[in-house]
1. Hey, fewest Cβ within 10 Å first, where do Phe13, Phe84 land in order?
2. Collect residues whose amide H, placed 1.01 Å from N in the peptide plane, falls under 5 Å from the amide H of Ala225; neighbours closer than 5 in sequence don't count.
3. So for the chain, taking the charge dipole from beta-carbon charges (+1 Lys/Arg, -1 Asp/Glu), which of Val192, Asn38, Ile60 sits furthest toward the positive end?
4. Could you tell me the distance between the Cα centroids of the stretch 1-76 and the stretch 174-211, to the nearest Å?
5. Using only the Cα atoms of the chain, build the gyration tensor, take square roots of its eigenvalues as a ≥ b ≥ c, and label the shape rounded, prolate or oblate: rounded if a/c is under 1.5, else prolate if a/b is larger than b/c, else oblate.
6. Angle check, please: helix 113-134 long axis (alpha carbons) against the longest principal axis of the chain (alpha carbons), in degrees 0 to 90, nearest 10.
7. Which value, in nm² and rounded to one decimal, describes the direction-averaged projected area of the C-alpha convex hull of the stretch 86-164?
8. About the Cα centre of the chain, how large is the charge dipole given +1 on each Lys and Arg Cβ and -1 on each Asp and Glu Cβ? Please answer in debye to the nearest 20.
Amino acid sequence: VFSLELKDVRKSFGQSEIIRGSNLQVPKGERFAIIGPNGAGKSTLFNLISGRFPISSGAILLNGEDISRLRPFEINRRGLSRSFQITNIFHRLSVYENLRCAVLWSLGYKYSFWQRLNGLKDAHERVEAVLEQIGLKNRREIGAGLLTYAEQRALEIGVTIAGGADVILLDEPTAGMSRSESDAAVELIRKVTVGKTLLMVEHDMSVVFGLADKIAVVVYGEVIACDTPINIRNNQKVKDAYLGGHAPVEV
Ligand code: ADP
Ligand code: MG
Ligand code: MG
């Protein structure tokens, strides 16, 4: 049984079909990069998987369970957590408070009073553990919006993993970073996803080749290829789809 599986997923907004029969199988513990031209539907796929929008048809399975009719928080409680293409943190809360929110929300409301009380006691240790991993200073003092862009992105990764999800979706985690910042982000992502399943939308091919076990290529709402980085690099269908664009084959 796969960690995540898309079966002929379709999604229309009004008259336009944006996701046009996507299929994908992500084994447990593997790191997948999703690449494809701008507007191909990569972020929309994340929105469908995380339950932000309902699919039009098909199925999305998380550890074998059909999650395609569940709401975002229900999917999150089944162990899937995602970040957003545009950094999504609470700018006026501290680093610590952002992480604490993520930990507490992951506990949910289905737990008993005693379980939640234990969760609260446990929350501090969990926040500390994530802080240790993402390595941010000034964790209590200042608004998170005052951090550098790269630090905000690191915090966002922390927020995404803080609830203990084992399927992690990251949408363009290194976009807009300098080379050294994105190198550091790759190391952080590698560290926090050990033993987890990762799906990452990413345009920077050195990041993709540095992290991904497999690459899924999305073009015009379809997964046209899914293979190892080396095979994707030599895939004629992928080369053709990228003609005139920033081809992954040039890296
Ligand atoms: P990518 O992340 O691959 O760059 P997106 O998934 O953001 O692409 O967008 C794919 C297409 O779907 C775009 O044409 C976009 O305008 C359209 N789209 C995305 N979300 C919506 C929406 N909520 N309503 C209508 N169209 C949308
Ligand atoms: Mg885009
Ligand atoms: Mg996008």
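All of the numbers you see were taken from the coordinates with simple rules; none came from a lab. The shown structure was predicted, so the numbers you read here are calculated from the model rather than taken from an experiment. Reconstructed Cβ throughout: ideal geometry from the backbone, glycine too, with neighbour counts over all protein chains shown.
1. Arranged by neighbour count, lowest to highest, Phe13, Phe84 become Phe13, Phe84.
2. Amide H to amide H, under 5 Å and 5 or more residues apart or across chains, Ala225 pairs with Val217.
3. Positive-end residue among those listed: Ile60.
4. Computed from Cα coordinates, the inter-centre distance equals 21 Å.
5. oblate
6. It works out to around 60 degrees.
7. Result: a mean projected hull area of 5.1 nm².
8. Approximately 600 debye in magnitude.
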